[in-house]
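The values are calculated or read from the model by the stated rules, or taken from the named source; none is laboratory data. Predicted, not measured: the structure shown is a model, and the values here were computed from it. Backbone-built Cβ (ideal geometry, glycine too); neighbour counts: all protein chains shown. These area figures cover heavy atoms from the full protein model, side chains too; ligands, DNA and RNA do not enter into them. Shrake-Rupley method; radii C 1.70, N 1.55, O 1.52, S 1.80 Å.
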Amino acid sequence: MSTRDNGPPTARSRIMSPSDHVQAFRDLLGAVGVVDDPQRLATYTTDQRQLFTGSTLAVLKPVTTKQVSDVVTLAARLGIGLVPQGGNTSYCGGATPDASGRQVVVSLERMDAIREVDPLSMSISVDAGAILKRVQEAAASAGLLLPLSLGAEGSCRIGGNIGTNAGGLSVVRYGMTRDLLLGIEAVLPDGTIVSDMRKLRKNNTGYDVKQCFVGSEGTLGIVTGAVLRLAPLPVRRATAWLKLAKAAPLAELLALVRRESGELLTTFEFMTARSIALATAAMASPPSVGPGSGGAILLEFASSSRHLDLDSLMETILAETVEYEWVEDAFLAQSGAQRASMWELRETIPEGEKRWGGSVKHDISVPLSCIQRFLDVAGAEVRKFHTDIELSVYGHVGDGNLHYNVLIPQGTDRIAFTQLIEASLSLRLYDAAAALGGTFSAEHGVGRFKRHLLEKYGDAGRVAVMRRIKTAFDPADIMNAGAVVRPVNAEPAY
(Lines give C-alpha, C1' and ligand atoms only; values in the text may rest on other atoms or scores of the structure.)
Protein backbone atom coordinates (compact mmCIF):
# COMPACT_ATOMS: atom_id res chain seq x y z
CA MET A 1 0.00 0.00 0.00
CA SER A 2 1.00 3.58 -0.53
CA THR A 3 2.44 5.37 2.47
CA ARG A 4 0.64 8.62 1.58
CA ASP A 5 -1.96 9.89 4.01
CA ASN A 6 -4.28 11.20 1.30
CA GLY A 7 -5.02 10.90 -2.37
CA PRO A 8 -6.59 8.23 -4.58
CA PRO A 9 -6.19 4.50 -3.96
CA THR A 10 -2.89 3.07 -5.17
CA ALA A 11 -2.68 0.38 -7.82
CA ARG A 12 -2.07 -2.21 -5.14
CA SER A 13 -5.14 -1.16 -3.13
CA ARG A 14 -7.33 -1.45 -6.22
CA ILE A 15 -6.57 -5.14 -6.62
CA MET A 16 -6.95 -5.98 -2.96
CA SER A 17 -9.91 -8.25 -2.23
CA PRO A 18 -12.59 -7.41 0.36
CA SER A 19 -11.00 -9.93 2.72
CA ASP A 20 -7.67 -8.15 2.28
CA HIS A 21 -9.33 -4.87 3.24
CA VAL A 22 -10.85 -6.42 6.35
CA GLN A 23 -7.48 -7.90 7.30
CA ALA A 24 -5.85 -4.48 6.92
CA PHE A 25 -8.31 -3.06 9.44
CA ARG A 26 -7.76 -6.07 11.71
CA ASP A 27 -4.02 -5.45 11.62
CA LEU A 28 -4.77 -1.92 12.77
CA LEU A 29 -7.33 -2.61 15.51
CA GLY A 30 -6.68 -6.18 16.54
CA ALA A 31 -9.15 -9.06 16.31
CA VAL A 32 -11.51 -7.62 18.94
CA GLY A 33 -11.77 -4.38 17.02
CA VAL A 34 -13.22 -5.87 13.83
CA VAL A 35 -16.51 -7.71 13.35
CA ASP A 36 -17.14 -9.45 10.03
CA ASP A 37 -19.29 -12.40 11.05
CA PRO A 38 -22.50 -12.11 8.93
CA GLN A 39 -24.83 -12.86 11.83
CA ARG A 40 -23.27 -10.20 14.05
CA LEU A 41 -23.15 -7.68 11.21
CA ALA A 42 -26.94 -7.79 10.86
CA THR A 43 -27.30 -5.75 14.05
CA TYR A 44 -25.45 -2.85 12.43
CA THR A 45 -26.80 -2.92 8.88
CA THR A 46 -30.55 -2.51 9.48
CA ASP A 47 -32.01 0.85 10.44
CA GLN A 48 -33.98 1.42 13.65
CA ARG A 49 -37.38 1.25 11.93
CA GLN A 50 -36.40 -1.84 9.90
CA LEU A 51 -37.20 -0.12 6.61
CA PHE A 52 -33.83 -0.76 4.99
CA THR A 53 -30.95 -3.21 5.30
CA GLY A 54 -27.59 -2.30 3.83
CA SER A 55 -24.35 -4.20 3.44
CA THR A 56 -20.93 -3.75 4.99
CA LEU A 57 -17.51 -5.35 4.77
CA ALA A 58 -17.07 -5.11 8.51
CA VAL A 59 -17.85 -3.18 11.66
CA LEU A 60 -14.82 -1.44 13.13
CA LYS A 61 -14.66 -0.72 16.86
CA PRO A 62 -11.81 1.64 17.76
CA VAL A 63 -11.10 2.51 21.39
CA THR A 64 -9.16 5.77 21.03
CA THR A 65 -9.35 8.89 18.91
CA LYS A 66 -5.93 7.96 17.46
CA GLN A 67 -7.35 4.63 16.32
CA VAL A 68 -10.28 6.42 14.70
CA SER A 69 -7.80 8.64 12.88
CA ASP A 70 -5.82 5.61 11.73
CA VAL A 71 -9.01 3.91 10.51
CA VAL A 72 -10.07 6.97 8.53
CA THR A 73 -6.62 7.39 6.99
CA LEU A 74 -6.51 3.74 5.93
CA ALA A 75 -10.04 3.85 4.53
CA ALA A 76 -9.15 6.91 2.47
CA ARG A 77 -6.16 5.09 1.01
CA LEU A 78 -8.25 2.04 0.16
CA GLY A 79 -11.14 4.04 -1.27
CA ILE A 80 -13.57 2.55 1.25
CA GLY A 81 -16.53 4.50 2.60
CA LEU A 82 -17.14 4.98 6.30
CA VAL A 83 -20.47 5.11 8.17
CA PRO A 84 -20.14 6.39 11.76
CA GLN A 85 -22.60 4.71 14.10
CA GLY A 86 -23.53 5.37 17.72
CA GLY A 87 -26.61 3.61 19.08
CA ASN A 88 -28.15 3.06 15.62
CA THR A 89 -31.38 4.75 16.74
CA SER A 90 -31.80 7.06 13.72
CA TYR A 91 -35.34 7.16 12.31
CA CYS A 92 -33.98 8.32 8.93
CA GLY A 93 -31.37 5.67 8.13
CA GLY A 94 -28.59 8.09 8.99
CA ALA A 95 -26.33 5.44 10.52
CA THR A 96 -27.07 2.58 8.11
CA PRO A 97 -24.62 1.57 5.36
CA ASP A 98 -25.83 1.52 1.78
CA ALA A 99 -26.27 -1.65 -0.32
CA SER A 100 -22.96 -1.35 -2.19
CA GLY A 101 -20.91 -3.41 0.25
CA ARG A 102 -18.14 -0.81 -0.11
CA GLN A 103 -18.72 0.90 3.22
CA VAL A 104 -17.56 -0.11 6.67
CA VAL A 105 -19.39 0.84 9.84
CA VAL A 106 -17.33 2.64 12.47
CA SER A 107 -19.01 1.90 15.78
CA LEU A 108 -18.11 4.12 18.73
CA GLU A 109 -19.55 1.70 21.30
CA ARG A 110 -16.15 0.89 22.84
CA MET A 111 -15.37 4.60 23.27
CA ASP A 112 -17.73 5.16 26.18
CA ALA A 113 -15.66 6.78 28.93
CA ILE A 114 -16.84 9.61 31.17
CA ARG A 115 -13.67 11.67 31.01
CA GLU A 116 -14.44 14.36 33.58
CA VAL A 117 -17.28 15.92 35.53
CA ASP A 118 -16.50 19.50 36.59
CA PRO A 119 -19.16 20.70 39.07
CA LEU A 120 -17.84 24.24 39.32
CA SER A 121 -17.64 24.71 35.55
CA MET A 122 -20.95 22.83 35.30
CA SER A 123 -19.68 20.67 32.46
CA ILE A 124 -19.08 17.03 31.62
CA SER A 125 -16.49 15.67 29.18
CA VAL A 126 -17.21 12.30 27.58
CA ASP A 127 -16.32 9.95 24.78
CA ALA A 128 -18.72 10.12 21.86
CA GLY A 129 -19.74 6.49 22.40
CA ALA A 130 -21.05 7.12 25.91
CA ILE A 131 -24.73 6.21 26.23
CA LEU A 132 -26.86 9.26 27.01
CA LYS A 133 -28.46 7.67 30.09
CA ARG A 134 -25.06 6.93 31.58
CA VAL A 135 -23.93 10.52 31.01
CA GLN A 136 -27.12 11.75 32.71
CA GLU A 137 -26.35 9.52 35.69
CA ALA A 138 -22.75 10.72 35.91
CA ALA A 139 -23.96 14.32 35.98
CA ALA A 140 -26.60 13.51 38.60
CA SER A 141 -23.99 11.88 40.83
CA ALA A 142 -22.31 15.29 40.99
CA GLY A 143 -25.61 17.03 41.78
CA LEU A 144 -26.06 18.33 38.24
CA LEU A 145 -28.40 17.79 35.31
CA LEU A 146 -27.66 16.95 31.70
CA PRO A 147 -30.87 18.42 30.24
CA LEU A 148 -30.89 16.32 27.06
CA SER A 149 -33.66 13.72 27.50
CA LEU A 150 -35.36 11.55 24.89
CA GLY A 151 -37.05 8.20 24.50
CA ALA A 152 -33.95 6.41 23.21
CA GLU A 153 -31.68 7.68 26.01
CA GLY A 154 -30.98 4.14 27.22
CA SER A 155 -29.33 3.20 23.92
CA CYS A 156 -28.46 6.34 21.93
CA ARG A 157 -24.94 7.70 22.21
CA ILE A 158 -23.58 11.22 22.56
CA GLY A 159 -21.90 11.26 19.13
CA GLY A 160 -25.21 10.40 17.50
CA ASN A 161 -27.00 13.04 19.58
CA ILE A 162 -24.54 15.62 18.24
CA GLY A 163 -24.76 14.28 14.70
CA THR A 164 -28.55 14.63 14.67
CA ASN A 165 -28.80 17.67 16.95
CA ALA A 166 -31.13 15.63 19.16
CA GLY A 167 -34.03 17.42 20.82
CA GLY A 168 -36.37 15.57 23.13
CA LEU A 169 -38.48 16.43 26.12
CA SER A 170 -36.84 19.52 27.63
CA VAL A 171 -36.06 21.69 24.61
CA VAL A 172 -38.63 24.29 25.69
CA ARG A 173 -36.30 25.23 28.57
CA TYR A 174 -32.79 24.01 27.74
CA GLY A 175 -32.64 23.91 23.95
CA MET A 176 -31.38 21.28 21.52
CA THR A 177 -28.06 19.42 21.68
CA ARG A 178 -26.51 22.36 19.82
CA ASP A 179 -27.24 24.58 22.81
CA LEU A 180 -25.55 22.18 25.23
CA LEU A 181 -22.30 21.65 23.31
CA LEU A 182 -19.27 23.48 24.72
CA GLY A 183 -16.39 21.56 23.15
CA ILE A 184 -15.71 18.80 20.67
CA GLU A 185 -13.15 16.30 19.46
CA ALA A 186 -13.52 14.88 15.96
CA VAL A 187 -11.64 13.17 13.14
CA LEU A 188 -11.88 14.69 9.66
CA PRO A 189 -12.17 12.59 6.47
CA ASP A 190 -8.40 12.85 5.88
CA GLY A 191 -7.58 11.61 9.38
CA THR A 192 -6.87 15.02 10.90
CA ILE A 193 -7.84 15.23 14.57
CA VAL A 194 -9.73 18.35 15.64
CA SER A 195 -9.31 18.74 19.40
CA ASP A 196 -11.26 21.52 21.05
CA MET A 197 -12.44 19.99 24.32
CA ARG A 198 -12.67 23.26 26.21
CA LYS A 199 -15.35 24.13 28.78
CA LEU A 200 -15.61 27.78 27.84
CA ARG A 201 -18.96 29.57 27.70
CA LYS A 202 -17.25 32.40 25.82
CA ASN A 203 -14.75 31.69 23.08
CA ASN A 204 -14.90 34.22 20.26
CA THR A 205 -11.84 33.12 18.30
CA GLY A 206 -13.11 32.76 14.75
CA TYR A 207 -15.37 30.15 13.23
CA ASP A 208 -17.27 27.99 15.72
CA VAL A 209 -15.96 24.80 14.15
CA LYS A 210 -17.71 22.45 16.56
CA GLN A 211 -21.10 23.55 15.26
CA CYS A 212 -20.22 22.21 11.81
CA PHE A 213 -20.57 18.71 13.23
CA VAL A 214 -23.95 19.36 14.87
CA GLY A 215 -26.65 17.95 12.59
CA SER A 216 -24.08 16.69 10.08
CA GLU A 217 -24.99 13.02 10.71
CA GLY A 218 -21.43 11.79 10.24
CA THR A 219 -21.01 13.30 6.78
CA LEU A 220 -18.20 15.71 7.73
CA GLY A 221 -16.21 13.56 10.14
CA ILE A 222 -16.44 11.31 13.17
CA VAL A 223 -17.09 12.93 16.54
CA THR A 224 -15.02 11.16 19.20
CA GLY A 225 -15.51 13.36 22.25
CA ALA A 226 -17.63 16.19 23.61
CA VAL A 227 -17.89 18.68 26.44
CA LEU A 228 -21.51 19.30 27.42
CA ARG A 229 -23.08 22.07 29.45
CA LEU A 230 -24.82 21.00 32.66
CA ALA A 231 -27.50 22.69 34.73
CA PRO A 232 -28.43 22.64 38.43
CA LEU A 233 -30.20 19.41 39.35
CA PRO A 234 -33.89 20.04 40.04
CA VAL A 235 -34.95 19.13 43.56
CA ARG A 236 -38.56 20.29 43.23
CA ARG A 237 -41.02 19.50 40.46
CA ALA A 238 -44.67 20.16 39.82
CA THR A 239 -46.27 17.91 37.22
CA ALA A 240 -49.79 18.28 35.89
CA TRP A 241 -52.07 16.55 33.42
CA LEU A 242 -54.41 18.88 31.52
CA LYS A 243 -57.50 17.50 29.78
CA LEU A 244 -57.87 19.88 26.87
CA ALA A 245 -61.15 21.32 25.67
CA LYS A 246 -62.02 20.85 22.02
CA ALA A 247 -60.07 23.24 19.78
CA ALA A 248 -58.12 24.58 22.77
CA PRO A 249 -55.64 27.19 21.44
CA LEU A 250 -52.32 25.43 22.08
CA ALA A 251 -50.11 28.42 21.29
CA GLU A 252 -52.11 30.76 23.54
CA LEU A 253 -52.15 28.18 26.33
CA LEU A 254 -48.38 27.78 26.08
CA ALA A 255 -47.90 31.55 26.09
CA LEU A 256 -49.96 31.88 29.27
CA VAL A 257 -48.02 29.12 31.05
CA ARG A 258 -44.66 30.47 29.92
CA ARG A 259 -45.53 34.02 30.97
CA GLU A 260 -46.61 32.98 34.45
CA SER A 261 -43.90 30.38 35.12
CA GLY A 262 -40.89 31.90 33.34
CA GLU A 263 -37.81 29.67 33.30
CA LEU A 264 -39.48 27.08 35.52
CA LEU A 265 -41.29 25.53 32.53
CA THR A 266 -39.44 22.43 31.33
CA THR A 267 -42.13 20.35 29.61
CA PHE A 268 -45.20 21.08 27.50
CA GLU A 269 -46.15 17.82 25.77
CA PHE A 270 -49.29 17.42 23.66
CA MET A 271 -51.11 14.11 23.08
CA THR A 272 -54.25 13.27 21.14
CA ALA A 273 -56.82 10.82 22.48
CA ARG A 274 -55.70 8.17 19.96
CA SER A 275 -52.08 8.40 21.06
CA ILE A 276 -53.14 8.12 24.71
CA ALA A 277 -55.28 5.06 23.94
CA LEU A 278 -52.37 3.35 22.18
CA ALA A 279 -50.05 4.00 25.13
CA THR A 280 -52.64 2.89 27.68
CA ALA A 281 -53.16 -0.41 25.85
CA ALA A 282 -49.40 -1.06 26.02
CA MET A 283 -49.06 -0.35 29.75
CA ALA A 284 -49.39 -2.93 32.50
CA SER A 285 -50.77 -0.37 34.95
CA PRO A 286 -51.95 2.73 33.11
CA PRO A 287 -52.77 5.86 35.12
CA SER A 288 -56.36 6.97 35.63
CA VAL A 289 -55.82 10.20 33.69
CA GLY A 290 -57.12 10.42 30.15
CA PRO A 291 -57.75 12.94 27.39
CA GLY A 292 -60.27 15.73 27.18
CA SER A 293 -62.23 16.34 24.00
CA GLY A 294 -59.16 18.10 22.59
CA GLY A 295 -56.49 15.70 23.86
CA ALA A 296 -54.15 16.33 26.78
CA ILE A 297 -51.07 18.23 27.87
CA LEU A 298 -48.35 16.96 30.20
CA LEU A 299 -47.00 20.06 31.93
CA GLU A 300 -44.01 20.23 34.25
CA PHE A 301 -42.14 22.88 36.22
CA ALA A 302 -38.77 22.20 37.82
CA SER A 303 -36.42 24.12 40.10
CA SER A 304 -33.13 23.55 41.88
CA SER A 305 -34.31 25.81 44.72
CA ARG A 306 -35.81 24.18 47.80
CA HIS A 307 -37.67 27.40 48.65
CA LEU A 308 -40.06 27.73 45.71
CA ASP A 309 -43.61 26.45 46.08
CA LEU A 310 -44.09 25.04 42.59
CA ASP A 311 -47.35 23.26 43.44
CA SER A 312 -49.05 26.51 44.43
CA LEU A 313 -47.84 28.21 41.28
CA MET A 314 -49.03 25.30 39.16
CA GLU A 315 -52.47 25.30 40.84
CA THR A 316 -52.88 29.02 40.20
CA ILE A 317 -52.01 28.65 36.52
CA LEU A 318 -54.26 25.60 36.10
CA ALA A 319 -57.17 27.50 37.58
CA GLU A 320 -56.62 30.25 35.05
CA THR A 321 -56.61 27.81 32.12
CA VAL A 322 -59.88 26.31 33.31
CA GLU A 323 -61.35 29.80 33.70
CA TYR A 324 -60.49 30.52 30.07
CA GLU A 325 -62.30 27.26 29.19
CA TRP A 326 -59.20 25.94 27.44
CA VAL A 327 -58.95 23.03 29.87
CA GLU A 328 -61.83 20.77 30.91
CA ASP A 329 -60.04 19.40 33.96
CA ALA A 330 -56.54 19.24 35.40
CA PHE A 331 -54.71 16.95 37.80
CA LEU A 332 -51.63 17.85 39.79
CA ALA A 333 -49.40 14.88 40.63
CA GLN A 334 -49.47 14.37 44.41
CA SER A 335 -46.52 11.99 44.60
CA GLY A 336 -43.47 10.79 42.74
CA ALA A 337 -45.39 7.67 41.75
CA GLN A 338 -48.19 9.72 40.18
CA ARG A 339 -45.66 11.84 38.30
CA ALA A 340 -43.85 8.74 37.04
CA SER A 341 -47.13 7.22 35.88
CA MET A 342 -48.00 10.33 33.84
CA TRP A 343 -44.57 10.33 32.27
CA GLU A 344 -44.74 6.62 31.54
CA LEU A 345 -47.96 7.15 29.63
CA ARG A 346 -46.37 9.88 27.50
CA GLU A 347 -43.21 7.88 26.82
CA THR A 348 -45.11 4.68 25.98
CA ILE A 349 -46.81 6.19 22.93
CA PRO A 350 -44.09 4.98 20.49
CA GLU A 351 -44.33 1.47 21.95
CA GLY A 352 -48.11 1.65 21.67
CA GLU A 353 -47.79 2.50 17.98
CA LYS A 354 -45.37 -0.36 17.50
CA ARG A 355 -47.70 -2.87 19.17
CA TRP A 356 -50.56 -1.65 17.01
CA GLY A 357 -48.57 -2.52 13.91
CA GLY A 358 -46.40 0.50 13.40
CA SER A 359 -46.79 3.98 12.00
CA VAL A 360 -45.52 6.16 9.19
CA LYS A 361 -43.70 8.89 11.07
CA HIS A 362 -43.75 12.61 10.29
CA ASP A 363 -41.46 14.80 12.38
CA ILE A 364 -43.07 18.17 11.72
CA SER A 365 -41.83 21.54 12.95
CA VAL A 366 -43.86 24.74 12.58
CA PRO A 367 -43.76 28.14 14.28
CA LEU A 368 -45.53 28.05 17.63
CA SER A 369 -48.17 30.46 16.41
CA CYS A 370 -49.07 28.08 13.54
CA ILE A 371 -49.57 24.80 15.41
CA GLN A 372 -53.37 24.89 15.36
CA ARG A 373 -53.43 25.98 11.73
CA PHE A 374 -51.19 23.06 10.79
CA LEU A 375 -53.41 20.61 12.68
CA ASP A 376 -56.46 21.94 10.85
CA VAL A 377 -54.89 21.88 7.38
CA ALA A 378 -53.18 18.51 7.89
CA GLY A 379 -56.39 16.97 9.21
CA ALA A 380 -58.25 18.14 6.08
CA GLU A 381 -55.54 16.63 3.86
CA VAL A 382 -55.79 13.31 5.68
CA ARG A 383 -59.58 13.21 5.27
CA LYS A 384 -59.24 14.00 1.56
CA PHE A 385 -56.69 11.22 1.18
CA HIS A 386 -58.80 8.55 2.89
CA THR A 387 -61.51 8.81 5.51
CA ASP A 388 -60.41 5.61 7.28
CA ILE A 389 -56.86 6.77 7.98
CA GLU A 390 -56.05 6.76 11.71
CA LEU A 391 -53.53 9.11 13.26
CA SER A 392 -51.37 9.22 16.35
CA VAL A 393 -50.44 12.84 16.93
CA TYR A 394 -48.31 13.96 19.85
CA GLY A 395 -45.13 15.84 20.53
CA HIS A 396 -43.13 18.63 22.03
CA VAL A 397 -45.45 21.47 21.07
CA GLY A 398 -43.62 23.68 23.56
CA ASP A 399 -40.99 24.00 20.84
CA GLY A 400 -43.26 23.62 17.80
CA ASN A 401 -42.56 19.94 17.15
CA LEU A 402 -45.39 17.52 16.29
CA HIS A 403 -45.03 13.80 15.63
CA TYR A 404 -47.84 13.46 13.10
CA ASN A 405 -47.94 9.71 12.61
CA VAL A 406 -50.18 7.69 10.32
CA LEU A 407 -51.08 4.33 11.89
CA ILE A 408 -50.54 1.31 9.68
CA PRO A 409 -53.84 -0.58 9.32
CA GLN A 410 -53.66 -3.91 11.11
CA GLY A 411 -53.08 -6.77 8.71
CA THR A 412 -51.49 -4.46 6.12
CA ASP A 413 -47.97 -4.93 4.78
CA ARG A 414 -45.97 -2.39 6.77
CA ILE A 415 -43.34 -1.62 4.14
CA ALA A 416 -45.82 -1.32 1.27
CA PHE A 417 -48.14 0.94 3.26
CA THR A 418 -45.22 3.12 4.36
CA GLN A 419 -44.10 3.53 0.77
CA LEU A 420 -47.64 4.41 -0.31
CA ILE A 421 -48.05 7.10 2.35
CA GLU A 422 -44.58 8.58 1.89
CA ALA A 423 -45.13 8.90 -1.86
CA SER A 424 -48.45 10.69 -1.47
CA LEU A 425 -49.97 11.88 1.81
CA SER A 426 -46.59 12.66 3.39
CA LEU A 427 -45.84 15.23 0.71
CA ARG A 428 -49.17 16.95 1.35
CA LEU A 429 -48.32 17.17 5.05
CA TYR A 430 -44.87 18.55 4.30
CA ASP A 431 -46.39 21.05 1.87
CA ALA A 432 -48.70 22.21 4.65
CA ALA A 433 -45.79 22.62 7.07
CA ALA A 434 -43.65 24.42 4.50
CA ALA A 435 -46.47 26.83 3.66
CA LEU A 436 -46.53 27.86 7.34
CA GLY A 437 -42.77 28.39 7.51
CA GLY A 438 -42.13 24.92 8.93
CA THR A 439 -40.09 21.89 7.96
CA PHE A 440 -40.25 18.12 7.47
CA SER A 441 -37.67 17.35 10.16
CA ALA A 442 -37.74 18.86 13.62
CA GLU A 443 -35.37 16.49 15.44
CA HIS A 444 -35.02 13.25 13.45
CA GLY A 445 -32.56 14.60 10.91
CA VAL A 446 -32.27 13.86 7.17
CA GLY A 447 -30.21 10.67 6.90
CA ARG A 448 -30.68 8.57 3.77
CA PHE A 449 -34.46 8.46 3.78
CA LYS A 450 -35.16 12.20 3.68
CA ARG A 451 -32.42 13.54 1.44
CA HIS A 452 -34.89 13.98 -1.41
CA LEU A 453 -37.06 16.06 0.93
CA LEU A 454 -34.14 18.36 1.68
CA GLU A 455 -33.65 18.84 -2.04
CA LYS A 456 -37.38 19.49 -2.52
CA TYR A 457 -38.14 21.75 0.44
CA GLY A 458 -34.74 23.18 1.36
CA ASP A 459 -33.81 26.68 0.27
CA ALA A 460 -31.62 26.30 -2.82
CA GLY A 461 -28.99 28.67 -1.48
CA ARG A 462 -28.81 26.90 1.85
CA VAL A 463 -28.50 23.48 0.21
CA ALA A 464 -25.75 24.85 -2.03
CA VAL A 465 -23.84 26.06 1.04
CA MET A 466 -24.26 22.63 2.66
CA ARG A 467 -22.84 20.95 -0.45
CA ARG A 468 -19.87 23.33 -0.45
CA ILE A 469 -19.18 22.59 3.20
CA LYS A 470 -19.35 18.87 2.44
CA THR A 471 -16.92 19.37 -0.44
CA ALA A 472 -14.48 21.32 1.73
CA PHE A 473 -14.48 18.67 4.46
CA ASP A 474 -14.89 15.52 2.37
CA PRO A 475 -14.24 16.02 -1.38
CA ALA A 476 -13.99 12.27 -2.02
CA ASP A 477 -17.33 11.64 -0.27
CA ILE A 478 -16.08 8.74 1.83
CA MET A 479 -17.85 9.86 5.01
CA ASN A 480 -21.40 8.50 5.23
CA ALA A 481 -21.91 8.90 1.51
CA GLY A 482 -25.57 8.94 0.53
CA ALA A 483 -26.73 10.71 3.69
CA VAL A 484 -27.86 14.35 3.90
CA VAL A 485 -25.94 15.85 0.92
CA ARG A 486 -23.22 14.98 -1.54
CA PRO A 487 -20.27 17.23 -2.35
CA VAL A 488 -20.37 19.53 -5.33
CA ASN A 489 -18.43 17.07 -7.50
CA ALA A 490 -21.23 14.52 -7.18
CA GLU A 491 -20.49 10.79 -7.22
CA PRO A 492 -18.57 9.13 -4.36
CA ALA A 493 -15.05 7.92 -5.14
CA TYR A 494 -15.61 4.42 -3.87
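Of all residues in region 439-460, which are among the small types (Gly, Ala, Ser) and either open to solvent by 40 Å² or more (accessible area, probe 1.4 Å) or in contact with a helix residue (DSSP H, G or I) (Cβ under 7 Å, 6 or more places away or on another chain) (or both)?
Gly445, Ala460
Among the listed residues Leu41, Leu57, which satisfies the condition of being in contact with a strand residue (DSSP E or B) (Cβ under 8 Å, 6 or more places away or on another chain), part of a helix (DSSP H, G or I), surrounded by 18 or more Cβ atoms within 10 Å (Cβ to Cβ) and at pLDDT below 95?
It is Leu41.
Mind listing whichever residues of region 461-486 are closer than 22 Å to Ile193 by Cα, open to solvent by 30 Å² or more (accessible area, probe 1.4 Å) and of a type in the set (Val, Ile, Thr)?
Listed by number, the residues that qualify are Ile469, Thr471.
Give the number of residues within region 274-286 that are open to solvent by less than 60 Å² (accessible area, probe 1.4 Å) and more than 17 Å from Lys243 (Cβ to Cβ).
Residues that pass the stated criteria total 3.
Which count do you get for residues in region 467-494 that are in contact (Cβ under 8 Å) with a residue 24 or more places away in the chain, among the charged types (D, E, K, R) and not in a loop (DSSP other than H, G, I, E, B)?
Matching residues across region 467-494 total 1.
Looking only at region 367-392, count every residue that is within 26 Å of the chain's Cα centre (by Cα), of a type in the set (Ser, Thr, Tyr) and surrounded by fewer than 16 Cβ atoms within 10 Å (Cβ to Cβ) and tell me the total.
Residues in region 367-392 being within 26 Å of the chain's Cα centre (by Cα), of a type in the set (Ser, Thr, Tyr) and surrounded by fewer than 16 Cβ atoms within 10 Å (Cβ to Cβ): 1 in total.
Just for region 154-194: of the residues that are among the hydroxyl-bearing types (Ser, Thr, Tyr) and in contact (Cβ under 8 Å) with a residue 60 or more places away in the chain, which one is nearest to Ala130 (Cα to Cα)?
Top of the filtered list is Ser155.
Does Val289 fit the bill of being open to solvent by 10 Å² or more (accessible area, probe 1.4 Å), touching a strand residue (DSSP E or B) at 6+ places or on another chain (Cβ under 7 Å), over 28 Å from Ala140 (Cα atoms) and not in a helix (DSSP H, G or I)?
Yes.
Looking for something under 21 Å from the mean Cα position of the chain (by Cα) and outside any loop (DSSP other than H, G, I, E, B) - is there at least one such residue anywhere in region 237-251?
No: region 237-251 contains no residue that is under 21 Å from the mean Cα position of the chain (by Cα) and outside any loop (DSSP other than H, G, I, E, B).
Across region 195-236, which residue is nearest to Ala130 (Cα to Cα) among those that are more than 25 Å from the chain's Cα centre (by Cα) and of a type in the set (D, E, K, R)?
Lys202
Tell me, which strands (runs of 3 or more DSSP E) wholly within region 94-211 include 3 or more residues that are surrounded by 15 or more Cβ atoms within 10 Å (Cβ to Cβ) and in contact with a Leu (Cβ under 8 Å, 6 or more places away or on another chain)?
In region 94-211, 103-107, 123-127, 181-187 are the strands (runs of 3 or more DSSP E) which contain 3 or more residues that are surrounded by 15 or more Cβ atoms within 10 Å (Cβ to Cβ) and in contact with a Leu (Cβ under 8 Å, 6 or more places away or on another chain).
Please state which of the following conditions Ser90 fails to meet, knowing it meets all the rest: (1) more than 17 Å from the chain's Cα centre (by Cα); (2) surrounded by 19 or more Cβ atoms within 10 Å (Cβ to Cβ); (3) in a loop (DSSP other than H, G, I, E, B); (4) not β-branched (Val, Ile, Thr).
Tallying (1) more than 17 Å from the chain's Cα centre (by Cα); (2) surrounded by 19 or more Cβ atoms within 10 Å (Cβ to Cβ); (3) in a loop (DSSP other than H, G, I, E, B); (4) not β-branched (Val, Ile, Thr), Ser90 fails exactly one: (1).
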